[in-house]
Amino acid sequence: MGAGLAATLMAGIAPRTHAAILKDRANGKKRLVFYFTATGNSLFIAKQFSDNPLSIPQELKKDELVYEADEIGFVFPDYVASAPMIVREFVTKGTFKAPYIFSVITYGNASVSVAEWWNDFAKEQGVVNNYVQTILMVDVYLPVFDMNEQMAIDKNIDENLAMILEDIGAQKNFVAPTDMGFFTEERLKNMRDHHFSMTADRLLELRKDRCAECLTCADVCPRDNFSLGEDGLQYAGQCEFCLACVHHCPHKALTLKSAREGWPGERNPEARFRNPNISLREIIRSNKQTNKTV
Ligand SMILES: Cc1cc2nc3c(=O)[nH]c(=O)nc-3n(C[C@H](O)[C@H](O)[C@H](O)COP(=O)(O)O)c2cc1C
């Protein structure tokens with residue numbers, strides 16, 4: 001194994017697995033893959049299933065959300081054992097027709113009940129999944145994890161991804177089972193209430209001396225929460241809690257406010273993450289809402 005590949009695997013990053021993609025192309029199936037990503041893990045996975053995965057924040061700009069294919073896939077991060085609000089919105093508004101529907105949910109530490117939660121939620125919106133699987137990747141949840149420590153952990157992405165590609169290639173039926181671990185339904189509910197009612201000004205702290213007003217935060221925000229005012233960078237509005245603004249700021253000018261008295265807002269405000277297979281440009285193309293910053 002070359003030094004480069006070894007370092008890549010240690011960072012928990014899988015090289016692209018081309019064999020299964022080629023196999024599916026040869027089958028001549030029409031496959032649509034929709035994704036949401038903040039730090040690139042889910043886009044990296046989505047790209048294993050399609051050469052042209054479609055960004056959910058961009059699709060949501062369209063008037064008509066009606067999709068039909070041989071296979072439809074959803075790839076997105078686990079947020080508190082459930083789906084990001086923007087993913088829920090897309091599935092609620094859209095119509096998806098395919099004989100085989102699959103979902104792959106990226107997570108960083110404990111997937112708990114996310115597969116079953118998503119299976120039930122999607123079904124209520126009329127989207128019946130044949131396959132829902134989770135895949136362990138770098139955990140980008142800054143309140144709990146230090147990105148430098150996370151990137152040093154080998155998360156077996158290559159092996160797990162190969163298995164999922166194999167399953168979906170064979171149109172397997174499966175929903176990953178729940179493992180509550182030390183979580184309870186009540187604890188999950190409290191955590192979800194906190195996360196999914198977040199606003200940008202409650203979540204974020206700006207280190208003004210570091211801000212270069214480059215507006216990278218505005219470019220990567222799927223909710224269009226940032227702008228430049230007379231006093232510099234401004235942010236407000238319903239927040240996805242995706243942390244794209246924090247992770248991609250080139251100057252590490254954005255940090256997290258403490259959620260609880262006496263607790264630090266995050267483990268390491270100097271450590272940030274972007275999946276090394278994904279460029280900043282790809283994140284911007286995925287999430288950018290307006291042209292006001294160009
Ligand atoms: C607000 C938030 C909540 C999260 N909740 C969980 C969780 O409950 N369990 C878990 O294992 N990972 C959790 N994560 C980690 C992400 O699911 C994981 O790092 C994911 O791969 C990030 O995907 P992305 O790079 O496509 O944005 C959370 C991350 C964020 C930002």
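See the values below:
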| quantity | calculated |
| --- | --- |
| Residue match in region 152-170 (condition: farther than 26 Å from His248 by Cβ, in contact (Cβ under 8 Å) with a residue 24 or more places away in the chain and charged (D, E, K, R)) | yes |
| Positions within region 221-244 being within 16 Å of the ligand (Cβ to nearest atom) and loosely packed, with under 15 Cβ neighbours inside 10 Å, in sequence order | Gln238 |
| Residue satisfying all of: in region 84-139; free of Cβ contacts under 8 Å to residues at least 60 places away in the same chain and aromatic (Phe, Trp, Tyr); farthest from the ligand (Cβ to nearest atom) among these | Phe96 |
| Search result, residues across region 118-138 that are buried (at least 21 other Cβ atoms within 10 Å of the Cβ) and either more than 19 Å from Glu166 (Cα to Cα) or of a type in the set (S, T, N, Q) (or both) | Trp118, Ala122, Val127, Asn129, Val138 |
| From the options Asn291, Asn275, Asn225, Asn268, residue that is modelled with pLDDT of 95 or more and closer than 28 Å to Asp51 by Cβ | Asn275 |
| Matching residues, region 25-68, being more than 13 Å from the ligand (Cβ to nearest atom) and of a type in the set (A, V, I, L, M) | Ala26, Leu32, Val33, Leu54, Leu60, Leu65, Val66 |
| Filter result for the condition that a residue is modelled with pLDDT under 95, on the phi < 0 side of the Ramachandran plot and not assigned by TED's automatic domain parsing to the domain that holds Val246, over Ala83, Ala20, Ala38 | Ala20 |
| Exclusive hit being assigned by TED's automatic domain parsing to the domain that holds Phe145 and over 20 Å from the mean Cα position of the chain (by Cα), set Ala236, Ala212, Ala170 | Ala170 |
| Residue selected from region 259-286 under the condition touching a strand residue (DSSP E or B) at 6+ places or on another chain (Cβ under 9 Å) and in a loop (DSSP other than H, G, I, E, B), by the criterion nearest to Asp139 (Cα to Cα) | Glu266 |
| Residue within region 210-220 that is surrounded by fewer than 17 Cβ atoms within 10 Å (Cβ to Cβ) and free of Cβ contacts under 8 Å to residues at least 12 places away in the same chain present | no |
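The values are calculated or read from the model by the stated rules, or taken from the named source; none is laboratory data. Owing to the predicted nature of the structure, the values given are computational and were not obtained by experimental measurement. Glycine gets a Cβ as well: all are built from the backbone with ideal geometry, and neighbour counts include every protein chain shown.
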